[in-house]
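Just below is one structure, and these are the notes that go with it.
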Amino acid sequence: MTLAQELTLAAKVRADFPILHQEVNGHPLVYLDNAATSQKPRAVLDVIQQYYERNNANVHRGVHALSARATDAYEAARDKIAAFVNAASRDEIVFTRNASEAINLVAYTWGMNTLQAGDEIILSVLEHHSNLVPWQFVAQRTGAVLKFVGLTDTQEFNLDELRSHLSDKTKLIATNHVSNTLGCINPVTEIVTLAQQYGAKVLIDACQSTPHMPLDVQALGCDWLVASGHKMCGPTGAGFLYGKLDLLQSMPPFMGGGEMIADVFLEHSTYAELPHKFEAGTPAISEAIALGAAVDYLNSIGMDKIADYEHELTAYLYQQLNPIPQVKLYGPQPQADGTGRAAIATFTIDGIHAQDLSTLLDQSGVAIRSGHHCTQPLHRILNVSSTARASLYFYNTREEIDIFITALKETIDFFASVFDDE
């Protein structure tokens, strides 16, 4: 597909996102905060409304028509997600509120009940807090030891350092697939291969990859994979955990309550089969159904097409950012065709705090993220307290990048003029 065709596709899909067609501070909205959360197409919004208008009932617990329709739609969403990541069985997909809950589920069930004093958990310094704090809890309670993989000279996952950490004590490697700050794409296939040589498990935080590229959990060979629906055109409040079937079967329940039980007696209980063993209580029904609709929407476009188009946008974004002398970029540079990294640009500008920069860009209708992006340890290693981040998705355009670059240059010039006056 040619660039012109891809741009036509981008122009077409923008019509599906009502929120994009508004003004902010008197300017057309340019939404470049997609790594934090994506916008939702009409197809997803309509499914939520339809559920509450026609099918609102609890799932699995009723034989009346509304409950049956709700249950069918809820479980159909599970099937869609299983197919989307190529799980071997629908029972390998557990609905959670978000990726953070999915990681905690693994930490509190497998981690707390399997790891012992002296066992080693390998993480990277790239991790989101959600893939750090739960393992800190596990280490504190079990006596397991945390080890960390650092960065290469190009600010990417240091695979050689991982090799140096691996031993018979290694029980788990937990890493993100794509860094939400540096945008580097981690070598997860190689990581899994190395882990298997030592009998270690691998958990992949795929929040920044699932929305942007095709994923195949069987090809990856990982033991668990987590993702958040709100970053992949779905609603907030719905994410999922993929886990290998035999591994999930061996793990105890995470929470107790309705739905996760088989039989309850006064002094003991037995538990439901997978995946319901891990889904206590009334779930986020409409959100899960809407996540299924988001998967349908992404499939209708094609994940390969989304990845290819984002490569084009990434190349163009860096072509515009690199010549600006005041901009310091973090993470690896993309290849000439935009491959080799995610569609994320994290940067600082000397003399301008990231929050001030984001505030002034907002005055031009441009939404970017500022802060530590839930990667405080990484920011300490980078020796910076806060960065700005522009992150793209398939509904963004070159024209929006141009608007962002113009507003960025104007902001830099504004601060320069203020300092000159002083």
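Quick look at the values:
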read-out	value
Residue in the range 109-117 that is farther than 24 Å from TYR198 by Cα, part of a helix (DSSP H, G or I) and β-branched (Val, Ile, Thr) present	no
Tabulated pairs, the range 89-101, first at pLDDT below 95, second open to solvent by 30 Å² or more (accessible area, probe 1.4 Å) and of a type in the set (S, T, N, Q), C-beta under 8 angstrom, 6+ apart or interchain	none
Tally of residues being among the charged types (D, E, K, R) and either modelled with pLDDT under 90 or open to solvent by 80 Å² or more (accessible area, probe 1.4 Å) (or both) across the range 268-283	1
Failed condition for THR154, given (1) among the β-branched types (Val, Ile, Thr); (2) open to solvent by less than 10 Å² (accessible area, probe 1.4 Å); (3) part of a loop (DSSP other than H, G, I, E, B)	(2)
Residue satisfying all of: in the range 35-73; hydroxyl-bearing (Ser, Thr, Tyr) and in contact (Cβ under 8 Å) with a residue 40 or more places away in the chain; surrounded by the most Cβ atoms within 10 Å (Cβ to Cβ) among these	SER38
Only one of SER364, SER417, SER370 that is within 20 Å of LEU29 (Cβ to Cβ), out of contact with any Phe, Trp or Tyr (no Cβ under 6 Å at 6 or more places or on another chain) and either without any contact (Cβ under 8 Å) to a residue 40 or more places away in the chain or among the basic types (Lys, Arg) (or both)	SER370
Output for the range 77-99, where each listed residue is of a type in the set (S, T, N, Q) and either open to solvent by 40 Å² or more (accessible area, probe 1.4 Å) or touching a strand residue (DSSP E or B) at 6+ places or on another chain (Cβ under 8 Å) (or both)	ASN86, THR96, ASN98
Residue list for the range 102-118, filter: surrounded by fewer than 20 Cβ atoms within 10 Å (Cβ to Cβ) and touching a strand residue (DSSP E or B) at 6+ places or on another chain (Cβ under 7 Å)	GLY118
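A quick yes/no check of all residues on (1) of a type outside the set (S, T, N, Q); (2) part of a loop (DSSP other than H, G, I, E, B); (3) closer than 18 Å to THR96 by Cα; (4) open to solvent by less than 20 Å² (accessible area, probe 1.4 Å):
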site	(1), (2), (3), (4)
CYS207	yes, yes, yes, yes
CYS222	yes, yes, no, yes
PRO235	yes, yes, yes, yes
LEU241	yes, no, yes, yes
LEU247	yes, no, yes, yes
PRO252	yes, yes, yes, no
MET255	yes, yes, yes, no
LEU266	yes, yes, no, no
ALA288	yes, no, yes, yes
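The values are calculated or read from the model by the stated rules, or taken from the named source; none is laboratory data. Nothing here was measured: the structure is a model prediction, and the numbers come from that model. Neighbour counts are summed over all protein chains in view; Cβ atoms, including those assigned to glycine, are modelled from backbone coordinates with ideal geometry. Surface areas here come from the heavy atoms of the whole protein model, side chains and all, with no ligands, DNA or RNA. Shrake-Rupley method; radii C 1.70, N 1.55, O 1.52, S 1.80 Å.
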